[in-house]
Number of protein chains: 2
Amino acid sequence: MSDQVKVRSKLELSDERAVIPVAEIIDLVSLIFENIGCSPEISRQVAGHLADANLCGMESHGLMRTLQYVEQFESGYMRPDVEPEITTTERGATVVDGNGGIGIPAMRLANDEGCRLAREQGVSAVAIRNVGHTGRLGAFTEAAAYRGFLSICFGGGGREKWRQVAPYGGRKAMLPTNPYSIAVPGGERGPMMFDFATSKIAGGWIYAARSAGARLPDNVLMNSQGVVTRDPEDYFRGGAIMPSGGHKGYALALAAEIVAEAMLGPTETEGSWLLLTLDTSRYREATTMQRIAEEILDELRNCPPAPGFERVEIPGEREREHRDRTVGSGIALPRQTWQQIRALAERLGNDRRAT
Amino acid sequence: MSDQVKVRSKLELSDERAVIPVAEIIDLVSLIFENIGCSPEISRQVAGHLADANLCGMESHGLMRTLQYVEQFESGYMRPDVEPEITTTERGATVVDGNGGIGIPAMRLANDEGCRLAREQGVSAVAIRNVGHTGRLGAFTEAAAYRGFLSICFGGGGREKWRQVAPYGGRKAMLPTNPYSIAVPGGERGPMMFDFATSKIAGGWIYAARSAGARLPDNVLMNSQGVVTRDPEDYFRGGAIMPSGGHKGYALALAAEIVAEAMLGPTETEGSWLLLTLDTSRYREATTMQRIAEEILDELRNCPPAPGFERVEIPGEREREHRDRTVGSGIALPRQTWQQIRALAERLGNDRRAT
């Protein structure tokens, strides 16, 4: 590993971003997690997951999270020295217990087990509990869809810690941004996959707008009096993000909150999740399903665009196209993020190990 | 049955509506379906389902559908003389085949079978195919939730016949309004349940606005050039309903379309459906789950309202409150609808039978 972490010499600079070869940044970030006490396997898995989010263009779920995760390991919010494990409730339900560790390996384990059970039984339900951040949800559902499964994942239960979103008709932040992801084996270019917050914007946007001194889009945030505002500071003065689609996003978020807290709870660490996996080949042969899916998707891709749009996209394809376009050249990190990750690596002893 | 159909004498008139006792209108509408060739059991089930939708305040899915269903039976679009049946695919998946009949008894059969299988296995998947209109989806998911199940139902596959909604970024109607319903065993006042179209408005609103000469709300409809319009006539000139929540509603609709058409298809009659049922008691005792759910729901009910709202509602409670308030006094039908139903009953021979 020592050679591979000499990243500085390979830096290409492009405007405000540093472009780092993929293998190198995965090595560096793996080492950070190892130095904080994670197993080599989990370290590499988490680093690879985060790097892939960057490659997909999902920077909010990418390598910048390294800083947050390390902080959460150091504060005791998450434990580095644990492994997720498959457990069974007294009445026979499958639950992956994250043991208070990071959620990414727990979600991966749940996904593997969910696919295995669905192959056996046709359909499976796996709950995921007692975990920190689970990374980019769509990475897991999409992986299952590539294997021929319909995958549905949603979670919540964090409302005591993450009151960010007002219920529809209310003016006080009471619910987290409880996301949903569904992936379906798709056409010729891979699964159709979505992964969205049930709020109009994800919480990270508020912080990003605040730190950039920018205003938010219209109609996504309300102040403490329930009046729509574009000033991110209003959020910190008792405001709330609005639910996506009004009562619809609110209903989706609330269903996830009841499932996570009342059915799977009590919530420990960050939240709880439910993963449903269905073997599509029980219904139709994969080749037939793919052919029909491609007909549907192709028709949509050829829909004339509305004013202001270049084209109609298939959910999930933008991420894959971004990956294909960038994986050869490397990951373009904001220079400041990259400096913070390097500083972290040095503080945690990377330099010592790497020599 | 002869005495029970003398409805005219019991009419109470209130403004533009006729208020008809529940048992009487169910009897009358049952007889309509019997006279068209449905079995007495299915006739009564469908009439009861429609009446309940009116009691819930969901007029769009209520007794006015009697007129549509009869037209669809008479045109051959649906068959009256069939029963839904449970079948199994070669590879072992459970599919309720509606045999081209009305979807309400098929959905009920699927729900019963889904709950039975979930009680046995923890989780179940039941597909519903080859059916006409399935009624108010939320009635089925809610019934499962009352029995302790998490119930998730969605469907689509009708895009060849029902191109109503533009994909996000597009300006041409390409997808149906593919709805989703989820119900979760809830607090003291019953399950939390939602049932919504993935488009900004259901298709029926366009017809209602057209026939009333009214304009639609802002930002729900685009004309053939993709420009937002409030004129319902623009829909019939090549316009499209917009997806709810932009790319989110579009993604939900597309997932349902691929599942229905590529996984469960080819679509016959109206569309295909997937029903997922999970036994919540495998995770936590019903009493505990209910107590925690009630804590969450109670907190939301007490959220201070936003400007223009009276209170925060729990999805599903408005329908139950409406039912509790109206079931004693009867169903208030628009006078014209009531006259049309009576005329239909007379044409189909009700008067002859009832004497």
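Before moving on, here are some points about what is shown:
- Qualifying residue in region A:159-172 (condition: at the interface with chain B (Cβ under 8 Å from one of its Cβ atoms), open to solvent by less than 30 Å² (accessible area, probe 1.4 Å) and out of contact with any Phe, Trp or Tyr (no Cβ under 9 Å at 6 or more places or on another chain)): yes
- For residue A:68, the conditions (1) at pLDDT 95 or above; (2) closer than 15 Å to residue A:104 by Cβ are fulfilled apart from (1).
- For region B:1-20, the tally of residues that are open to solvent by less than 40 Å² (accessible area, probe 1.4 Å) and at pLDDT 60 or above stands at 3.
- Selection over region B:232-248 of residues that are touching a strand residue (DSSP E or B) at 6+ places or on another chain (Cβ under 8 Å) and either more than 7 Å from every other protein chain (Cβ to nearest Cβ) or touching a residue at least 40 places away in the same chain (Cβ under 8 Å) (or both) gives a count of 10.
- Beta carbons closer than 8 Å, at least 6 apart along the sequence or on distinct chains, pair a first residue in region A:249-278 that is more than 8 Å from chain B (Cβ to nearest Cβ) with a second that is part of a strand (DSSP E or B) and of a type in the set (Ser, Thr, Tyr) for A:253/A:199; A:256/A:180; A:260/A:272; A:275/A:151; A:277/A:124; A:277/A:151.
- First in region B:109-127 and free of Cβ contacts under 8 Å to residues at least 60 places away in the same chain, second anywhere and surrounded by fewer than 17 Cβ atoms within 10 Å (Cβ to Cβ) and hydrophobic (A, V, I, L, M, F, W, C), Cβ under 8 Å, 6 or more apart: B:109/B:86; B:113/B:86
- Selection of region A:192-206 for residues being farther than 17 Å from residue B:249 by Cβ and touching a helix residue (DSSP H, G or I) at 6+ places or on another chain (Cβ under 6 Å) yields A:204, A:206.
- Residue under evaluation residue B:140, criteria (1) crowded, with 22+ Cβ neighbours inside 10 Å; (2) farther than 18 Å from residue B:96 by Cα; (3) of a type in the set (Phe, Trp, Tyr), criterion not met: (2)
- Residue B:37, sole failed condition from (1) in contact (Cβ under 8 Å) with a residue 24 or more places away in the chain; (2) on the phi < 0 side of the Ramachandran plot; (3) surrounded by fewer than 18 Cβ atoms within 10 Å (Cβ to Cβ): (2)
- Per the listing A:151, A:124, the residue uniquely within 10 Å of another protein chain (Cβ to nearest Cβ) and polar (S, T, N, Q) is A:124.
- Filter result for the condition that a residue is within 15 Å of residue B:257 (Cβ to Cβ), out of contact with any Leu (no Cβ under 9 Å at 6 or more places or on another chain) and of a type in the set (Gly, Ala, Ser), over A:308, A:316: A:316
- Residue B:92 meets each of the listed conditions (1) modelled with pLDDT under 95; (2) under 30 Å from residue B:208 (Cα atoms); (3) open to solvent by 10 Å² or more (accessible area, probe 1.4 Å) apart from (2).
- Filtering region B:324-338 to residues that are of a type outside the set (Lys, Arg) and without any contact (Cβ under 8 Å) to a residue 40 or more places away in the chain leaves B:324, B:328, B:336.
- Filtering region B:122-155 to residues that are more than 27 Å from residue B:188 (Cα to Cα) and more than 13 Å from the chain's Cα centre (by Cα) leaves B:125, B:126, B:127, B:128, B:129, B:130, B:131.
- Positions within region B:48-62 being in a helix (DSSP H, G or I) and either modelled with pLDDT of 90 or more or crowded, with 20+ Cβ neighbours inside 10 Å (or both), in sequence order: B:48, B:49, B:50, B:51, B:52, B:53, B:54, B:55, B:61
- Among residues of region B:89-106 being of a type outside the set (A, V, I, L, M) and assigned to a helix (DSSP H, G or I), the one that is farthest from the other protein chains (Cβ to nearest Cβ) is B:105.
- Lone unmet requirement of (1) within 30 Å of residue A:296 (Cα to Cα); (2) in contact (Cβ under 8 Å) with a residue 60 or more places away in the chain; (3) assigned to a loop (DSSP other than H, G, I, E, B) for residue A:133: (1)
- Pick from region B:275-322, criterion among the hydroxyl-bearing types (Ser, Thr, Tyr) and either more than 26 Å from residue B:116 (Cβ to Cβ) or assigned to a helix (DSSP H, G or I) (or both), ranking: most open to solvent (accessible area, probe 1.4 Å): B:287
- In region A:173-190, residue farthest from residue B:318 (Cα to Cα) [restricted to those that are more than 9 Å from every other protein chain (Cβ to nearest Cβ) and assigned to a strand (DSSP E or B)]: A:190
- Residue in region B:107-128 that is within 18 Å of residue B:266 (Cα to Cα), outside any helix (DSSP H, G or I) and open to solvent by 10 Å² or more (accessible area, probe 1.4 Å) present: no
The values are calculated or read from the model by the stated rules, or taken from the named source; none is laboratory data. Source: prediction; values computed, not measured. Glycine gets a Cβ as well: all are built from the backbone with ideal geometry, and neighbour counts include every protein chain shown. Accessible surface areas use protein heavy atoms only, side chains included; no ligands, DNA or RNA. Shrake-Rupley method; radii C 1.70, N 1.55, O 1.52, S 1.80 Å.
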